[in-house]
Amino acid sequence: MTARRVIAVTRRLPAAVEAALATRFDVRRAPDDLPLTPAVYQRFLGEADALLCTVTDRITAEVLAANPLRTRIIANFGVGTDNIDLAAARAHEIVVTNTPDVLTEDTADLAMALILMTMRRAGEGERLVRAGRWTGWRPTHHLGRRVAGSTLAVLGFGRIGQALARRAHHGFGMRVLAWGRTAPDAATLADTGATYVADLEAALAEAQVVSLHLPSTPETRGLLDARRLAVMPTGSFLINTARGDVVDDDALVRALITGHLAGAGLDVYRQEPTVDTRLLGLEQVVLLPHLGSATRETREAMGFRALANIEAFFRGDAAPDRVA
Ligand code: 8YV
């Protein structure tokens, strides 16, 4: 009998995924469910045929310079792969895969939840009740803004951006503007109820809500800077379920403090789990701990998708979700 392939898994995964991995592979795992040090990643890369990692694992060029280097495939548990230096992986002839599709609907749900929470001031309201500071109903108490009929600009019109547009337009009666590198085809626009706007500033200028659905790349980092935030109408809202570094934090905090932006709903941050302390004191900001794909169903599906990629690769087939 041939020896089983060795797979290193950096974090605890849903039980069904761990069980499936254990039947097929010799699984190596760190003792604790915590981010690891470069030295541990290098040990894994030296002893495992495959590495299954997450957004919390920084697989840098330095880490990938591990010697010995046995790993041939890195299956990222997540659709974003900005935690991995893809160019360095290519240079070492390591295949990298991600987990698209399976997290689309849940991430779009969370973006919609943040739109509703910020526009209707749900976070503030909840804190008020819990603190025992609610003095009773009155006509002018805690007024938010109407979602129906307002304009949403979706920046990045891939799978998740489109799923949000569908919800916002067909479910909540929002007018949806789509901005992205390539114009969507007519069928996609009809299905999502969106209008394509080729010019970013034009989309920002019309939006009461801007929601980010872009990967973190050299082109998108800092995209929402002071100048672009200033183009958004006074009293508008920013939602980020994509990556923290797409937004310039200093500019965002300033826009919130001056009241130029009425609120922000954030699920992702530049240096997770650190959250800019200036945001913590702002009542009009809803802060979630990177929950976009956090449902039992999706986290299991992500695990099985990563497993499917690894199995295809070792069978000698093309890994279905290869990104490098
Ligand atoms: C994951 C995400 O929770 O898929 C992504 O890109 O940001 C989240 O859905 C995270 O990446 C897990 O590694």
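Using just its DSSP H runs of length 4 or more, each adding -39500 (n - 2.57), the chain gives a mean residue ellipticity at 222 nm of -10000 deg cm²/dmol after division by all residues. Over the C-alpha trace of the stretch 104-287, radius of gyration and Dmax come out as 16.0, 52 angstrom. Computed from the C-beta positions of residue 43 and residue 297 and an R0 of 45 Å, the FRET efficiency is 0.85 to the nearest 0.05. Computed from the C-beta positions of residue 188 and residue 258, the FRET efficiency with R₀ = 41 Å rounds to 0.65. Between residue 79 and 99, the built amide H atoms are under 5 Å apart, and every one of these is 5 or more places off in sequence or on another chain.
In the full protein context, the chain carries 47 Å² of accessible surface per residue, based on a 1.4 Å probe and ignoring ligands, DNA and RNA. Bridge orientation summary for the chain: considering DSSP beta bridges with both residues in this region, about 5 percent are antiparallel. For the stretch 104-287, the residue among 144, 203, 268 whose Cα projects farthest onto the positive side of the dipole built from Cβ charges is 144. If you plug the beta carbon distance of residue 322 and residue 3 into 1/(1 + (r/R0)^6) with R0 = 25 Å, you get a FRET efficiency near 0.50. Label sites at residue 12 and residue 219, each approximated as a point 7 angstrom past Cα along Cα to Cβ, lie 4.0 nm apart. Remark on residue 27: its backbone amide H falls under 5 Å from those of 7, a criterion applied only to residues 5 or more positions apart or on other chains, H modelled at 1.01 Å from N. Here's how it looks for residue 239: its modeled amide H is under 5 Å from those of 210, 211, 212, 265, which are all 5 or more places away or on a different chain. In plain terms, if you count all Cα to Cα distances in the chain and split them into 20 Å steps from zero, the share in each step is 30, 52, 17, 1 percent.
Could you sort 238-247, 170-179, 183-192 so that the peptide with the highest average Cβ count within 10 Å comes first and the rest follow in order?
Top to bottom by mean Cβ count within 10 Å: 238-247, 170-179, 183-192.
Toward the positive end of the charge dipole of the stretch 104-287, with +1 on the Cβ of Lys and Arg and -1 on the Cβ of Asp and Glu, the farthest Cα among 128, 239, 107 is that of 128.
With the simple spin-label model, which puts each label point 7 Å out from Cα in the Cβ direction, the residue 26 to residue 67 separation comes to 2.5 nm. For the stretch 104-287, the share of DSSP beta bridges that are antiparallel, to the nearest 5, is 5%.
Solvent-accessible area of the chain (1.4 angstrom probe, protein heavy atoms only): carbon and sulfur portion equals 54 percent. When each of the peptides 68-81, 293-306 is scored by the mean number of other C-beta atoms lying within 10 Å of its residues, the order from highest to lowest reads 68-81, 293-306.
The values are calculated or read from the model by the stated rules, or taken from the named source; none is laboratory data. Treat the numbers as computed from the prediction; the structure is a model and nothing was measured. Counting neighbours? That spans all protein chains shown, and the Cβs are built from the backbone with ideal geometry, glycine included. These area figures cover heavy atoms from the full protein model, side chains too; ligands, DNA and RNA do not enter into them. Shrake-Rupley method; radii C 1.70, N 1.55, O 1.52, S 1.80 Å.
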